[in-house]
There are 2 protein chains.
Amino acid sequence: MTEPTQQPVPSTATSDPLRILITGSAGFIGSHLAERFLNEGHTVIGVDNYISGQRSNTELFQEHPRFTFIEADVSYGIPYEGEKLDWVMHFASPASPPHYQQFPVETLMVGAQGTQNGLKLAHAHGAGFFLASTSEVYGDPLVHPQPETYWGNVNPIGVRSCYDEAKRYAEAITMAYHRSRGVNTRIIRIFNTYGPRMRPDDGRVITNFVHQALRGEPLTVYGDGSQTRSFQYIDDLVEGISRLMMVMYHEPVNLGNPDEFTMLELIQVLEKGMDTNLNVRFEPLPGDDPKQRQPNIERTRSLLGPMQPVSLENGLERTVQIARLNPS
Amino acid sequence: MTEPTQQPVPSTATSDPLRILITGSAGFIGSHLAERFLNEGHTVIGVDNYISGQRSNTELFQEHPRFTFIEADVSYGIPYEGEKLDWVMHFASPASPPHYQQFPVETLMVGAQGTQNGLKLAHAHGAGFFLASTSEVYGDPLVHPQPETYWGNVNPIGVRSCYDEAKRYAEAITMAYHRSRGVNTRIIRIFNTYGPRMRPDDGRVITNFVHQALRGEPLTVYGDGSQTRSFQYIDDLVEGISRLMMVMYHEPVNLGNPDEFTMLELIQVLEKGMDTNLNVRFEPLPGDDPKQRQPNIERTRSLLGPMQPVSLENGLERTVQIARLNPS
């Protein structure tokens, strides 16, 4: 055991005011990023086309003096003509299976043209470029847990490939702009993240369970419920992003919580938190559904310092609280 | 052993005249495709921007009454406004490591925007779309030989990823247009192919060896020369493409010759064919160089029927003959 560090870890909380453009600002993660940056005194330009983002997430900041919003599809260009940017954060994309399978071509485009438009904008402004990639680049992994050096096991022609391959491409073009054009880039691979302001129809397991529980419906479990997932609370993700912005490191960094839970364990935590018994309905696994994914966070820890992640109990409690206020 | 089939295998040789647009028509493979289609009575529209294609390959057909050429970068659109197309064949891309590493962003773009522009054009014309993918989607394979069902082992952020990930993305968007827009698509994964009209500076092993031998220089071998490659003669590839156009099959199909040779065996065949002794200079392996790749051609055979591939001896002989006429 080493002593916990006493030095504050550098993050955007201690930096000079920055001008930060966020694509996908009306999405789940984008809106939490915007909130944090505004609270820290930075200026935020949000961009979204609402293909999967929510207008209510823009309304949260609409009156804020340091927030401006541009409604645009970043796959066709980012119409920003303001002052010099410090960061372009590319978080736009349908990110849950029902959304990206509904919009496969749009998902592919925001990974390719959208990422490239962000890189060009960052290059033109001499700004940093921050790519939201995903643990889905590991596909159905044959290595467990997954370090960033694992090359993944993705079906290039499967029904999920519109998302997985788009993100792998996004990483490749980010590295190409870093290597050949000198753009100051960051790449994170985001593992399963949950929290307030996820879309009720997001289709991912925690949202499904919370909203099914609140509606008094049985919880849908795909397969036999023995598949495991790691769940990261949104505030931990945002903290990791904020710290990585201050570190000069260009290869991918996993951001996730390595604690694993089976679907059935997750239901137990939820039952305890909601102080109720929940019924379960089992359904067959969808095609290409990854069986298991868990971040190796050695690189993350060594770059970003120690974290005190929010427990699943506490994170679920906060998520349920907010969801109760916005029933689906 | 089964008896060899006596029925003629359907191919473009026996089809009604077609109108075929080929992107990358001035490239090595594109020019051989154009030649075959013109000889069979079809109409060919060639498109190239000469980023790695050769003007001499356009000049071959410039006077042909059924050939027209459009100089354009297909990543920015395909400016074709002629009669209804039957096929859009997307063969444009830098394809050898020195070329795509010199043009990483252009390579990524022709895989994404270029492929999408081809798909849109095919969709608008109700035409078939034929994607030239590559064995590089298998990366540094852990399965040997590689069936089409193998998902590959590609480094998404390596120096080759601008090509490999672009092609994986191209496959994903091709399947997305097939599934969601009903485009009649084909995907081939092309293994190492050689023959006349490769660029002398192509950087691939057979071209390097042939031109070094003709210049009386020692042949450069990377590593210890024990790595194996399969080599397909260009006419066999073109025959496979022609047959696949006539088969309604949308998943990827390997096109390659499974016979494997080490670099040192290849040199022996070349020495015999040129009736001379060749010197060898050993150099270190470049980064991310795949060690070994060999097609599993079970699917290919069952879809396209039996092939009588050109032997390495004969193919090298024809390649050396043409290279002698065009010394580098």
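The values are calculated or read from the model by the stated rules, or taken from the named source; none is laboratory data. Only a predicted model underlies this, so the values are computations on that prediction, with no experimental measurement involved. Neighbour counts are summed over all protein chains in view; Cβ atoms, including those assigned to glycine, are modelled from backbone coordinates with ideal geometry. These accessible areas exclude ligands, DNA and RNA; they are computed on the full protein's heavy atoms, side chains included. Shrake-Rupley method; radii C 1.70, N 1.55, O 1.52, S 1.80 Å.
Assorted remarks:
- Flag for B:A112 being modelled with pLDDT of 95 or more, more than 14 Å from every other protein chain (Cβ to nearest Cβ) and surrounded by 24 or more Cβ atoms within 10 Å (Cβ to Cβ): no
- Looking across the stretch A:266-294, the residues that are open to solvent by 40 Å² or more (accessible area, probe 1.4 Å) and either in contact with a strand residue (DSSP E or B) (Cβ under 8 Å, 6 or more places away or on another chain) or at positive phi (or both) come down to A:D275, A:N279, A:V280, A:R281, A:F282, A:E283, A:P284, A:L285, A:P286, A:D288, A:Q292.
- Residue count for the stretch B:176-210 under the criterion of being out of contact with any strand residue (DSSP E or B) (no Cβ under 9 Å at 6 or more places or on another chain) and assigned to a helix (DSSP H, G or I): the result is 4.
- Counted residues, the stretch B:116-163 - those being surrounded by 19 or more Cβ atoms within 10 Å (Cβ to Cβ) and over 30 Å from B:E260 (Cβ atoms): 10
- The set of residues in the stretch B:211-226 being open to solvent by 20 Å² or more (accessible area, probe 1.4 Å) and not in a helix (DSSP H, G or I) consists of B:R215, B:G216, B:E217, B:P218, B:Y222, B:G223, B:D224, B:S226.
- When we screen A:M263, A:M245 for residues that are crowded, with 16+ Cβ neighbours inside 10 Å and farther than 30 Å from A:M89 by Cβ, the only hit is A:M263.
- Filter pass, B:F91 being buried (at least 23 other Cβ atoms within 10 Å of the Cβ) and touching a residue at least 40 places away in the same chain (Cβ under 8 Å): yes
- The conditions of being under 30 Å from A:M175 (Cα atoms), without any contact (Cβ under 8 Å) to a residue 24 or more places away in the chain and either more than 14 Å from every other protein chain (Cβ to nearest Cβ) or open to solvent by 30 Å² or more (accessible area, probe 1.4 Å) (or both) are met by B:N208.
- Scanning the stretch B:31-54 for residues that are over 18 Å from the mean Cα position of the chain (by Cα) and open to solvent by 60 Å² or more (accessible area, probe 1.4 Å) yields one hit, B:N39.
- Filter result (surrounded by fewer than 24 Cβ atoms within 10 Å (Cβ to Cβ) and within 24 Å of B:E148 (Cα to Cα)) within the stretch B:96-109: B:S96, B:P97
- Residue under evaluation A:A92, criteria (1) more than 14 Å from chain B (Cβ to nearest Cβ); (2) among the hydrophobic types (A, V, I, L, M, F, W, C); (3) out of contact with any helix residue (DSSP H, G or I) (no Cβ under 9 Å at 6 or more places or on another chain), criterion not met: (3)
- Considering residues of the stretch A:248-260 that are open to solvent by 20 Å² or more (accessible area, probe 1.4 Å) and within 20 Å of A:R179 (Cα to Cα) only, the residue farthest from the other protein chains (Cβ to nearest Cβ): A:M248
- Checking B:F69, B:F28 one by one, the residue that is in contact with a Gly (Cβ under 8 Å, 6 or more places away or on another chain), open to solvent by less than 80 Å² (accessible area, probe 1.4 Å), farther than 30 Å from A:Y76 by Cα and at pLDDT 95 or above is B:F28 and no other.
- Those residues of the stretch B:121-145 which are facing chain A (nearest Cβ under 10 Å) and free of Cβ contacts under 8 Å to residues at least 12 places away in the same chain, in sequence order: B:L142
- Here the stretch A:146-182 is the region considered, the condition is being among the aromatic types (F, W, Y) and either over 9 Å from A:G111 (Cα atoms) or free of Cβ contacts under 8 Å to residues at least 24 places away in the same chain (or both), and the residue that is nearest to the other protein chains (Cβ to nearest Cβ) is A:W151.
- Residues considered: A:G114, A:G82. Of these, the only one that is farther than 23 Å from A:N208 by Cβ, assigned to a helix (DSSP H, G or I) and not aliphatic (A, V, I, L, M) is A:G114.
- The set of residues from the stretch A:13-25 being at pLDDT 95 or above and hydroxyl-bearing (S, T, Y) comprises A:T23, A:S25.
- Residues that are out of contact with any helix residue (DSSP H, G or I) (no Cβ under 6 Å at 6 or more places or on another chain) and not in a loop (DSSP other than H, G, I, E, B), drawn from the stretch B:140-175: B:N153, B:E171, B:T174, B:M175
- Any hit, the stretch A:65-73, residues being in contact (Cβ under 8 Å) with a residue 60 or more places away in the chain, over 14 Å from A:I241 (Cα atoms) and over 17 Å from the mean Cα position of the chain (by Cα): no
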